[in-house]
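K.L.:
I am attaching a structure below and will ask some questions about it afterwards.
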Amino acid sequence: MDDARHAVTIYGPDIPKLKGTTTTGPPVAHVTDQNLKEVPQSILLYNSSVTLAIDFVYVNKIPFLTTIARNIGWRTIAPVPN
């Protein structure tokens, strides 16, 4: 135990662990308003049990829109121009 305490005193905290577990700022506020659209009947007829999850991801500060259709295993990703 003493050796571990001395190592932290000499070398400081574990930098990779700190980088992996700390956040860079306050959490982003969630979007509160919803823009719901009617799904056409032709789509509902054949795909009534598909759940679509949508999210934005950032790669090197470039936004991408990603979607996952859970029941059929279809995943897409597209860059967001602005």
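Any read-out appearing in this document is the output of simple, stated calculations on the displayed coordinates, not a laboratory observation. Predicted model, so just to flag it, every value in this text is computed and none were measured. Every residue, glycine as well, gets a Cβ built from its backbone with ideal geometry; the counts of neighbours run over all protein chains shown.
K.L.:
Note the angle between two axes, namely the Cα long axis of helix 2-11 and the longest principal axis of the Cα atoms of the chain, as a number of degrees from 0 to 90, rounded to the nearest 10.
P.N.:
Helix 2-11 and the main axis of the chain meet at about 70 degrees.
K.L.:
While we're looking at this one, here's another question. Grab the DSSP H runs of the chain that are 4 residues or longer, score each as -39,500 (n - 2.57), total them, divide by all residues and round the 222 nm result to the nearest 500 deg cm²/dmol.
P.N.:
Details: 3 runs with 23 residues, N = 82.
Calculated at 222 nm, the ellipticity per residue is -7500 deg cm²/dmol.
K.L.:
Using a simple spin-label model with points 7 Å from Cα along the Cα→Cβ vector, what separation in nm is obtained for residue 33 and residue 7?
P.N.:
5.5
K.L.:
With Cα Rg over 2.2 N^0.38 Å as the read-out, I listed (1) 1.00; (2) 1.16; (3) 1.88; which label goes with the value calculated from this structure?
P.N.:
Correct label, based on the coordinates given: (3).
K.L.:
Straight-line reach from residue 61: which lysines fall under 21 Å, measuring Cα to Cα and dropping same-chain residues less than 8 apart?
P.N.:
19
K.L.:
How high is the FRET efficiency from residue 69 to residue 19, r the C-beta distance, R0 25 Å, rounded to 0.05?
P.N.:
Details: r = 34 Å, r/R0 = 1.34.
Given R0 = 25 Å and the Cβ-Cβ separation, E is 0.15.
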